[in-house]
Amino acid sequence: MNISDWSLEKKVGQLVVGGFSGREITEEVRSLVQEHHAGGVILFSRSIGSLEQLSGLTTELQELAGAGGGAPLLIAIDQEGGQNIHVREGVTLTPGNMALGAAGDEEGVYQAARISGQELRALGINVNYAPDVDVNNNPLNPVIGIRSYGEDPQLVGRFGAAAVRGFQDEGITATAKHFPGHGDTSMDSHIDLPTIRHSMERLESLELVPFQRAIEAGVDMIMTAHIVFSELEPEGVPATLSHRVVTGLLRERLQFAGVITTDCLEMKAIADRYGPAEGAVRALEAGVDLVLVSHTYAEQVNVITAILEALKTGRLTEERIELSVRRILAMKERRRMGEPQGGWPQIAGSIGLPASRAVVRELAERSVTLVKDEGVLPLDPGLPTLVVRVRHRLHMGSDDTAEPAVTLASELAASFPDVQEVVVGAASDAEERSAVTARAGAAGQVVVLTSNALYFPEQAELVAQLGSLPAVLVAASMRSPYDLAAFPDVPAYLACYEDLPNTLRALAGILAGRTTARGRLPVTL
């Protein structure tokens, strides 16, 4: 595409990806795409209803961009797999990264990414902000955890590269994140600015390994982390805004020639210190190509205005902007972004295929990991059984109160005639725990499903109370496998990494003795 006759405003707009609320085109979205020439949009669950609605929305977004004679839109999503997904209903639910790490099947990783990529592409989405190739070696990492394949940089590198190939073989731009590595933080950059103090030698031997493998696999895009790497930036500049990290390390040292995108600039690590607008200008000065502003229309316009002002004052040059625009357009052309996918009736039959579901079901069955068993498994189907499910605490929010379609109790019911399930909050109070313990007193065996117990001491107290009963006790973690450290004396413990339906079915089979656990821990407990 010839950009020589483009206005400066049109060129600048290509550098911005914005999010929005609602499931229909709003005036703000129309303005962002047509008046401000945004290069892309990001979709979250707040904009997604049915698959038919999603297909119509992406089609309308591309028509909106085309009506003004603009380049096709980059339509992005965070569909990492497992618990970190935004399209849930009707699609093939692929396992998350740590579950895949536990399954240990590199070809399975490729197939899961290919399946997800094919379905996303059919729905009109052309960019996935995945795979996460952070090496998670910090049990207290609050934001990566099960989003990582594990703690071994070589495994993370191989599996990340396989996912890149799977997505891109289906025409989806893959995004390796979060450069140079978010795995060894104990702070969430959505909330504050983490700092990593490792030497360059350590970064090269661990954090950077998966990114190098992703680059070798031809990854289209890499996303930066809002983290200070003091070895590279002793002045405390976050990686996203650091010329030494973005240009010096990623562009020059690692020889990455693709598109570099920021993580969302409305995250507090950037927003509270610089503001999204100034953060965007600094990121472009550092060498970033795309800036992501996920939520607020006013901030998206402020970012575009700030970039235009930086061009007027000489902080940025038109040549610098054009270099990024050409990279972005080359990626759009390579992945045929904007190419019609057909209407909903045409694509409906290509999503959630039985063969795809069989692949991910097998991966889920291979992922569940038996960490500890003092001779209590399998459970006795003749005994009254109580499942105690801890609600997951939503990201920076309250407990998830949504009732799942599939529960462990419903999966055990075929073999266990007397099985019930009770739900308790992630941070339960003493009264709630006492009520659950009293109910468990009538059971012969109890299965407690925990969720990030290291962050909620109330869960350790609950397990301790349940352990004081004469009933057989089994614990299974539905998120972080590190939960065992909160209750090390539990007689049996399984790591499940997620509570998707396939995982719950696999867990039920293991508890009932129909199958054996085949997963291997991808982290050290």
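So which of Arg518, Arg479, Arg514 is crowded, with 24+ Cβ neighbours inside 10 Å and of a type in the set (Lys, Arg)? Walk me through it before giving the result.
Values: Arg518 fails: crowded, with 24+ Cβ neighbours inside 10 Å; Arg514 fails: crowded, with 24+ Cβ neighbours inside 10 Å.
None of the others qualify; the one that does is Arg479.
The rows are residues; the columns are (1) closer than 30 Å to Leu57 by Cβ; (2) among the acidic types (Asp, Glu).
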position	(1), (2)
Gly248	no, no
Arg251	no, no
Val259	yes, no
Ala271	yes, no
Ala277	yes, no
Ser324	yes, no
Arg336	yes, no
Glu339	yes, yes
Ile351	yes, no
Hits in the range 463-522 - residues which are among the polar types (S, T, N, Q), assigned to a loop (DSSP other than H, G, I, E, B) and farther than 15 Å from Leu370 by Cβ: Ser468, Ser480
Selection count where residues are touching a Pro at 6+ places or on another chain (Cβ under 9 Å) and at pLDDT 95 or above, scope the range 502-525: 11
Enumeration of residues in the range 46-63 that are open to solvent by less than 40 Å² (accessible area, probe 1.4 Å) and assigned to a loop (DSSP other than H, G, I, E, B): Ile48, Gly49
Considering residues of the range 142-165 that are closer than 18 Å to Pro481 by Cβ and among the hydrophobic types (A, V, I, L, M, F, W, C) only, the residue surrounded by the fewest Cβ atoms within 10 Å (Cβ to Cβ): Leu155
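Would you please name the residue that is most open to solvent (accessible area, probe 1.4 Å), looking only at residues in the range 293-308 that are farther than 19 Å from Ile25 by Cα and touching a residue at least 40 places away in the same chain (Cβ under 8 Å)? Let's see the steps before the verdict.
Kept after step one, since they are farther than 19 Å from Ile25 by Cα, are these residues of the range 293-308: 302-308.
After this cut, where a residue has to be touching a residue at least 40 places away in the same chain (Cβ under 8 Å) as well, the list is 303-304, 307-308.
Numbers: Val303: 0, Ile304: 8, Ile307: 0, Leu308: 35 Å².
Across the range 293-308, the extreme among qualifying residues is Leu308.
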Filter result (farther than 15 Å from Glu362 by Cβ and either acidic (Asp, Glu) or open to solvent by 30 Å² or more (accessible area, probe 1.4 Å) (or both)) within the range 492-511: Glu498, Asp499
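Against the definition (open to solvent by less than 10 Å² (accessible area, probe 1.4 Å), closer than 28 Å to Leu74 by Cβ and in contact with a Lys or Arg (Cβ under 8 Å, 6 or more places away or on another chain)), how does Ala130 come out, yes or no?
Numbers: open to solvent by less than 10 Å² (accessible area, probe 1.4 Å): yes; closer than 28 Å to Leu74 by Cβ: yes; in contact with a Lys or Arg (Cβ under 8 Å, 6 or more places away or on another chain): yes.
Yes.
Give the residue, chosen from Val29, Val41, Val109, that is hydrophobic (A, V, I, L, M, F, W, C) and outside any helix (DSSP H, G or I). So that I can check it myself, show each step before the final result.
Details: Val29 fails: outside any helix (DSSP H, G or I); Val109 fails: outside any helix (DSSP H, G or I).
Exactly one residue qualifies, and that residue is Val41.
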Meets criteria (at pLDDT 85 or above and either under 30 Å from Thr94 (Cβ atoms) or in contact with a Pro (Cβ under 7 Å, 6 or more places away or on another chain) (or both)) for Val245: yes
Qualifying positions in the range 112-134 - of a type in the set (S, T, N, Q) and either modelled with pLDDT under 95 or part of a loop (DSSP other than H, G, I, E, B) (or both): Asn126
Residue within the range 318-331 that is closer than 26 Å to Ile77 by Cβ, within 23 Å of the chain's Cα centre (by Cα) and open to solvent by less than 20 Å² (accessible area, probe 1.4 Å) present: yes
Total residues in the range 457-486, condition acidic (Asp, Glu) and within 29 Å of the chain's Cα centre (by Cα): 2
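Filter the range 408-424 down to residues that are within 21 Å of Leu462 (Cα to Cα) and surrounded by fewer than 20 Cβ atoms within 10 Å (Cβ to Cβ) and give me whichever is nearest to the chain's Cα centre (by Cα). Give the steps one after another, and end with the answer.
Looking only at the range 408-424, we keep the residues that are within 21 Å of Leu462 (Cα to Cα), and these are 408-409, 419-424.
Of the ones still in play, those that are also surrounded by fewer than 20 Cβ atoms within 10 Å (Cβ to Cβ) are 409, 420-423.
Details: Ala409: 28, Gln420: 32, Glu421: 29, Val422: 29, Val423: 26 Å.
Looking at residues that are within 21 Å of Leu462 (Cα to Cα) and surrounded by fewer than 20 Cβ atoms within 10 Å (Cβ to Cβ), I get Val423.
Which residues, counting only those in the range 442-456, are under 21 Å from the mean Cα position of the chain (by Cα) and open to solvent by 20 Å² or more (accessible area, probe 1.4 Å)?
From the range 442-456, those under 21 Å from the mean Cα position of the chain (by Cα) are 450-455; that's our starting set.
Scanning the range 442-456 gives Asn452, Leu454, Tyr455.
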Failed condition for Leu311, given (1) surrounded by 15 or more Cβ atoms within 10 Å (Cβ to Cβ); (2) not in a helix (DSSP H, G or I): (2)
Filter result for Glu80 (within 30 Å of Ala99 (Cα to Cα), charged (D, E, K, R) and touching a Lys or Arg at 6+ places or on another chain (Cβ under 7 Å)): yes
Every residue from the range 190-239 that is of a type in the set (D, E, K, R) and open to solvent by less than 10 Å² (accessible area, probe 1.4 Å): Glu207, Asp220
Long-range neighbours under 8 Å by Cβ, at least six apart or interchain, first residue closer than 16 Å to Leu232 by Cβ and assigned to a strand (DSSP E or B) within the range 247-270, second of a type in the set (Val, Ile, Thr) and open to solvent by less than 20 Å² (accessible area, probe 1.4 Å): Ile260/Ile222; Ile260/Thr224; Ile260/Val246; Ile260/Val288
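The values are calculated or read from the model by the stated rules, or taken from the named source; none is laboratory data. A quick note: this is a predicted structure, and the numbers were derived from the prediction, not measured. Here the Cβ is made from the backbone with ideal geometry for all residues, glycine too, and neighbour counts use every protein chain on show. We work out accessible area using only protein heavy atoms, side chains counted, and drop any ligands, DNA or RNA first. Shrake-Rupley method; radii C 1.70, N 1.55, O 1.52, S 1.80 Å.
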